[in-house]
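Q: First the structure, which I've put down as structure tokens, then a few questions once you've had a look.
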Protein chains: 2
Amino acid sequence: MGTIKHLACGLCERTFSPGQLHNLCSCGGSLFARYDFAAIRQTWNKGDLATDRRCDMWRYGPVLPADSQEAVTLTEGWTPQFTAWALGFELKAGNLWIKDDGRNPTDSFKARGMSTAVTLAKKLGARKLAVASAGNAAGALAAYSAAAGLQAYIFMPKDVPQGNFLECKAFGAHVTLVDGLISDCGKIVAERKEREGWFDVSTLKEPYRIEGKKTMGYEIAEQLGWTLPDAILYPCGGGVGLIGMWKAFAELAELGWIGSKRPKMIAVQAEGCQPIVDAFQREEPSSRMWPDAHTLASGLRVPKPLGDVHVLRAVRESGGTAIAVSDGEMMDGVELLGRNEGIFAAPEGGAAVAGLRRLLENGFLKRDEHILLYNTGSGLKYLEAFSARYRRQREGEQDKLGGLITPR
Amino acid sequence: MGTIKHLACGLCERTFSPGQLHNLCSCGGSLFARYDFAAIRQTWNKGDLATDRRCDMWRYGPVLPADSQEAVTLTEGWTPQFTAWALGFELKAGNLWIKDDGRNPTDSFKARGMSTAVTLAKKLGARKLAVASAGNAAGALAAYSAAAGLQAYIFMPKDVPQGNFLECKAFGAHVTLVDGLISDCGKIVAERKEREGWFDVSTLKEPYRIEGKKTMGYEIAEQLGWTLPDAILYPCGGGVGLIGMWKAFAELAELGWIGSKRPKMIAVQAEGCQPIVDAFQREEPSSRMWPDAHTLASGLRVPKPLGDVHVLRAVRESGGTAIAVSDGEMMDGVELLGRNEGIFAAPEGGAAVAGLRRLLENGFLKRDEHILLYNTGSGLKYLEAFSARYRRQREGEQDKLGGLITPR
């Protein structure tokens, strides 16, 4: 556990020992790991990374909560970050980049956080892990629990994408579908966990998922030669990726590896579930439960993010903004990304594209700024959503030919 | 194009210039790239790779048909290869490894070949690329064509998995569903390509897909410290991955980087479509068209592989074998891999697990041999197959609770 000094509550700053399992602070705040960067600076520098061939997020071992040798890993992170010339040309953005976290194990960014969370949960003695999830966190927990030899107890909305349901089953997890939203799933886990002996690894309810997520920020900086973009558009459901990147940038400054420049952090939400946008516009520090939350981007269907305070703080401190886009715009965004760049993104990734288009049009973003779109997952996990857009029998070349081709 | 000496027909050895587009030899044979390894040895060695941080297959640029700077790439290859302790324990195999090509762009090994094929097709002037595909090659062609700014014309069986259909549409490809098998799709491409101006990139009908596929063999060797396993179980539809690995091992020997040891190359097929197994057992040099081909592993539904001669040669020269498993065994194999290792494999990957179980039981493989299972794709591309196994409403914890949980 190397250089973690302590865990600190993000609200009341009360501290906790990292050597045992923790969920929330008694004040309700999430716990965050604090490291001894003075010590880390003595033994680890940018030059070490320049010659490190490790192609996953555990290359950042000295600022992660476990040694890489003891990691429960499926080779997560170190995902591609590349210039999107063709998409930029179409959107008239001259310096556009994409980071594609659909290339993680279980095809989503959730793998990063579950790698660290399951590593620490196992190390600290947990045997049964439970999660309330909109889908992708569940798939990731199921995969890492299988790799670790632990039991996973999954609670997801009953209309979760089939890909999430099936991967959890294939990983041997215990799956319960709930007639409600992720917030309802969270209540069930909270009620039952003590009796069942579950350790709750739901978003921000334990301190280590965000430690994996923060590697998104380390990778952005390292892959750009220790510079940062002018703006990052991030599809915001629970928002932990955004919080994690913001934590990473602060840590990188403490390491002395980057300067004071920060990207404008832009939270993109769905019109049918936009608690962060609402709070941002009201100039309130936290969000209100969004009523009747609905969007086909299941990862954005989080009516009251537990980390709302931290998301809003990062958005505001960075000079960023929060914006909501429609489901139709998201799907258009996926298609733009697909046919221009060869990336089949989740609707959440499409939301980032749609948000970019809006913010270029209204002038919030300049066309020559270095802009990064963060894609959080693969479209392969949302086949229902795409099936409605691309009809199998009613569209495509076969129709021009009068139906299916029957060869002679 | 560096060090390619020429292209050579795999049947009659007639040679062709690499500087223009080619499909099959006039004798019907596939063309293969031949390099000047004496020249390559002068400028490139294992030590160069040991310090090369490139995390994709283009790290092998000197033995690929284009410079890495001109590659049409989505960061393919350099996929994880790891020991499968838990699965090995369950199957009583003491030195079991997995290489997971589900971690490629478009979630399958087909990305490797399409990266090289599309790179060369674009460079040599093609603008419209056509393919007959069981599904995954189509998705990969669509992605790389989008990345390259080329048009893709896709012909797939009408019952291709929905994931393949949708990704092709999202990449903006022209998709035609055919009431037949991949062999019927191939006939349509062959008939129409001249009139339409398509370049046919179907399996082994152009020389460069296999150049990408051969990196599977380079990676196996490099990731194992320039040794090779005792046996490789490979799910064999068209079989090009197996041919590619065999080519790679020969090239590595020419480079002087490995010795004379070769793995037993084991082709695993489906009981409902086993032309290679059939030819292997009959001791014939090529396969016969398998009648009424059927299996839920759509990638294994290739009734008469164009490269059958090369597959059978590699299997025999290596002292390997060919074996068929049932669809049920494959799905059991996927589940074994999922709950033991946290990998959600395609049914094809499950077939390799099932083949291993059989060959351990009949003594063909020894329990202390170094055995590598090759997983060619992700289970996320086969949701229909898994939906039949894992019923959404009829299985799982919710049933114990009398149906869906409705929170208060």
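Q: Which of the residues belonging to the stretch A:169-178 are facing chain B (nearest Cβ under 8 Å), outside any helix (DSSP H, G or I) and among the aliphatic types (A, V, I, L, M)?
A: Taking the stretch A:169-178 and keeping what is facing chain B (nearest Cβ under 8 Å), we get A:169-172, A:174-178.
Subset that is outside any helix (DSSP H, G or I): A:171-172, A:174-178.
Matches in the stretch A:169-178: A:Val175, A:Leu177, A:Val178.
Q: In the stretch B:151-163, what count of residues is obtained for those that are in a helix (DSSP H, G or I) and open to solvent by less than 10 Å² (accessible area, probe 1.4 Å)? Reasoning before the result, please.
A: The first filter runs over the stretch B:151-163 and keeps only residues in a helix (DSSP H, G or I), leaving B:162-163.
Adding the requirement that they be open to solvent by less than 10 Å² (accessible area, probe 1.4 Å) leaves B:163.
The qualifying residues number 1.
Q: Does the stretch A:12-21 include one or more residues that are part of a helix (DSSP H, G or I) and out of contact with any His (no Cβ under 8 Å at 6 or more places or on another chain)? Before the answer, list the steps.
A: Step one: filter the stretch A:12-21 for residues part of a helix (DSSP H, G or I), giving none.
For the stretch A:12-21, residues part of a helix (DSSP H, G or I) and out of contact with any His (no Cβ under 8 Å at 6 or more places or on another chain): absent.
Q: Look through A:Ala143, A:Ala134 and report the one residue that is of a type outside the set (Ser, Thr, Tyr) and within 8 Å of chain B (Cβ to nearest Cβ). Quick ask: steps written out before the conclusion?
A: Numbers: A:Ala134 fails: within 8 Å of chain B (Cβ to nearest Cβ).
On inspection, the qualifying residue turns out to be A:Ala143.
Q: What's the number of the condition A:Ser108 fails, among (1) more than 10 Å from every other protein chain (Cβ to nearest Cβ); (2) among the small types (Gly, Ala, Ser); (3) over 12 Å from the mean Cα position of the chain (by Cα)?
A: So the condition that A:Ser108 fails would be (3).
Q: If you don't mind, another one. Tell me yes or no: at least one residue of the stretch A:153-167 is touching a His at 6+ places or on another chain (Cβ under 7 Å) and not acidic (Asp, Glu). Give the derivation first.
A: Here is the first cut: in the stretch A:153-167, the ones touching a His at 6+ places or on another chain (Cβ under 7 Å) are A:153-154.
After this cut, where a residue has to be not acidic (Asp, Glu) as well, the list is A:153-154.
Yes: one or more hits.
Q: Let me ask something else. Out of the stretch A:284-293, which residues are open to solvent by 50 Å² or more (accessible area, probe 1.4 Å) and either more than 9 Å from A:Leu312 (Cα to Cα) or among the hydroxyl-bearing types (Ser, Thr, Tyr) (or both)?
A: A:Arg288, A:Met289, A:Trp290, A:Pro291, A:Asp292
Per-residue answers, yes or no, for (1) within 14 Å of chain A (Cβ to nearest Cβ); (2) open to solvent by 10 Å² or more (accessible area, probe 1.4 Å); (3) free of Cβ contacts under 8 Å to residues at least 12 places away in the same chain:
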residue	(1), (2), (3)
B:Val334	yes, no, no
B:Gly338	yes, no, no
B:Ile343	yes, yes, no
B:Pro347	yes, no, no
B:His370	no, yes, no
B:Tyr374	no, no, no
B:Ser387	yes, yes, yes
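Q: Mind telling me which of the residues A:Arg59, A:Arg127, A:Arg112 ends up being of a type in the set (D, E, K, R) and more than 20 Å from A:Lys247 (Cα to Cα)?
A: Values: A:Arg59 fails: more than 20 Å from A:Lys247 (Cα to Cα); A:Arg112 fails: more than 20 Å from A:Lys247 (Cα to Cα).
Unique residue meeting the criteria: A:Arg127.
Q: May I ask you to say which residue of A:Ser318, A:Ser298 is touching a Gly at 6+ places or on another chain (Cβ under 6 Å) and among the polar types (S, T, N, Q)? Step through it out loud before you land on a result.
A: Working: A:Ser318 fails: touching a Gly at 6+ places or on another chain (Cβ under 6 Å).
The unique qualifying residue is A:Ser298.
Q: A follow-up question, please. Check the stretch B:204-220 and report whether any residue there is over 14 Å from B:Lys110 (Cβ atoms), within 14 Å of chain A (Cβ to nearest Cβ) and modelled with pLDDT of 95 or more.
A: The answer is yes, given that some residue of the stretch B:204-220 is over 14 Å from B:Lys110 (Cβ atoms), within 14 Å of chain A (Cβ to nearest Cβ) and modelled with pLDDT of 95 or more.
Q: Quick one: in the stretch A:349-359, of everything that is more than 14 Å from chain B (Cβ to nearest Cβ) and among the aliphatic types (A, V, I, L, M), which residue is farthest from B:Lys169 (Cα to Cα)?
A: As a first pass, look at the stretch A:349-359 and keep what is more than 14 Å from chain B (Cβ to nearest Cβ): A:351-352, A:354-359.
Within this subset, residues satisfying the condition of being among the aliphatic types (A, V, I, L, M) are A:351-352, A:354, A:356, A:359.
Numbers: A:Ala351: 18, A:Ala352: 20, A:Ala354: 19, A:Leu356: 23, A:Leu359: 27 Å.
Step by step, filter the stretch A:349-359, then rank; the result is A:Leu359.
Q: From the list A:Gly256, A:Gly225, which one is over 18 Å from the mean Cα position of the chain (by Cα), within 14 Å of chain B (Cβ to nearest Cβ) and on the phi > 0 side of the Ramachandran plot? Lay out the reasoning, then the answer.
A: Details: A:Gly256 fails: within 14 Å of chain B (Cβ to nearest Cβ).
It is A:Gly225.
Q: Just need a number here: residues in the stretch A:258-271 that are of a type in the set (Gly, Ala, Ser) and open to solvent by 10 Å² or more (accessible area, probe 1.4 Å). Step through it out loud before you land on a result.
A: Our first condition is that a residue be of a type in the set (Gly, Ala, Ser); within the stretch A:258-271, this holds for A:259-260, A:267, A:270.
When the remaining residues are screened for being open to solvent by 10 Å² or more (accessible area, probe 1.4 Å), the result is A:259-260.
Residues flagged as of a type in the set (Gly, Ala, Ser) and open to solvent by 10 Å² or more (accessible area, probe 1.4 Å) within the stretch A:258-271 amount to 2.
Q: Regarding B:Arg192, is this residue under 18 Å from B:Pro157 (Cβ atoms) and at pLDDT 95 or above?
A: Values: under 18 Å from B:Pro157 (Cβ atoms): yes; at pLDDT 95 or above: yes.
The answer is yes for B:Arg192.
Q: Quick check on B:Leu166: is it crowded, with 19+ Cβ neighbours inside 10 Å and facing chain A (nearest Cβ under 9 Å)? Full working, then the answer.
A: On the way: crowded, with 19+ Cβ neighbours inside 10 Å: yes; facing chain A (nearest Cβ under 9 Å): yes.
Considered against the rule, which asks whether it is crowded, with 19+ Cβ neighbours inside 10 Å and facing chain A (nearest Cβ under 9 Å), B:Leu166 comes out as yes.
Q: Taking the stretch A:301-332 only, how many residues are within 14 Å of chain B (Cβ to nearest Cβ), under 17 Å from the mean Cα position of the chain (by Cα) and farther than 21 Å from A:Gly135 by Cα?
A: Result for the stretch A:301-332: 0.
Q: Would you please list the contacts, defined by Cβ atoms under 6 Å and residues six or more apart or on different chains, that run from a residue in the stretch B:179-199 that is more than 9 Å from chain A (Cβ to nearest Cβ) and open to solvent by less than 30 Å² (accessible area, probe 1.4 Å) to a residue that is at pLDDT 95 or above and assigned to a helix (DSSP H, G or I)?
A: From residues that are more than 9 Å from chain A (Cβ to nearest Cβ) and open to solvent by less than 30 Å² (accessible area, probe 1.4 Å), the pairs are B:Phe199/B:Ala121.
Q: All but one of (1) over 17 Å from A:Gly135 (Cβ atoms); (2) not in a helix (DSSP H, G or I) hold for A:Ser202; which doesn't?
A: For A:Ser202, the exception is condition (1).
Q: Kindly indicate the residue of the stretch B:1-30 that is among the small types (Gly, Ala, Ser) and touching a residue at least 24 places away in the same chain (Cβ under 8 Å) and also surrounded by the fewest Cβ atoms within 10 Å (Cβ to Cβ) among those meeting that condition. Step through it out loud before you land on a result.
A: Keep residues of the stretch B:1-30 that are among the small types (Gly, Ala, Ser), which gives B:2, B:8, B:10, B:17, B:19, B:26, B:28-30.
Those left that are additionally touching a residue at least 24 places away in the same chain (Cβ under 8 Å): B:2, B:8, B:10, B:19, B:30.
Working: B:Gly2: 16, B:Ala8: 19, B:Gly10: 22, B:Gly19: 11, B:Ser30: 25.
Looking at the filtered set, the residue picked out is B:Gly19.
Q: Going through A:Gly299, A:Gly238, A:Gly259 one at a time, which residue ends up being part of a loop (DSSP other than H, G, I, E, B), over 15 Å from A:Val311 (Cα atoms) and small (Gly, Ala, Ser)? Can you show your working first?
A: Details: A:Gly299 fails: part of a loop (DSSP other than H, G, I, E, B); A:Gly238 fails: over 15 Å from A:Val311 (Cα atoms).
Sole residue among the options that is part of a loop (DSSP other than H, G, I, E, B), over 15 Å from A:Val311 (Cα atoms) and small (Gly, Ala, Ser): A:Gly259.
Q: Return the pairs, sorted by first residue and then second, in which the second residue is assigned to a helix (DSSP H, G or I) and of a type in the set (Ser, Thr, Tyr), the first residue lies in the stretch A:302-321 and is in contact (Cβ under 8 Å) with a residue 24 or more places away in the chain, the beta carbons are less than 6 Å apart, and the residues are 6+ apart or on different chains.
A: The qualifying pairs are A:Pro303/A:Ser183.
Q: For B:Ala279, state whether it is of a type outside the set (S, T, N, Q) and under 19 Å from B:Arg358 (Cα atoms). Before you say what the answer is, go through the steps one by one.
A: On the way: of a type outside the set (S, T, N, Q): yes; under 19 Å from B:Arg358 (Cα atoms): no.
So B:Ala279 does not fit the description; no.
The values are calculated or read from the model by the stated rules, or taken from the named source; none is laboratory data. It should be emphasised that the depicted structure is a prediction, and the values quoted were computed from it without experimental measurement. Because the Cβ atoms are built from the backbone with ideal geometry, glycine has one as well, and the counts that use them run over all protein chains shown. Just the protein is used for accessible areas: all its heavy atoms, side chains included, with ligands, DNA and RNA removed. Shrake-Rupley method; radii C 1.70, N 1.55, O 1.52, S 1.80 Å.
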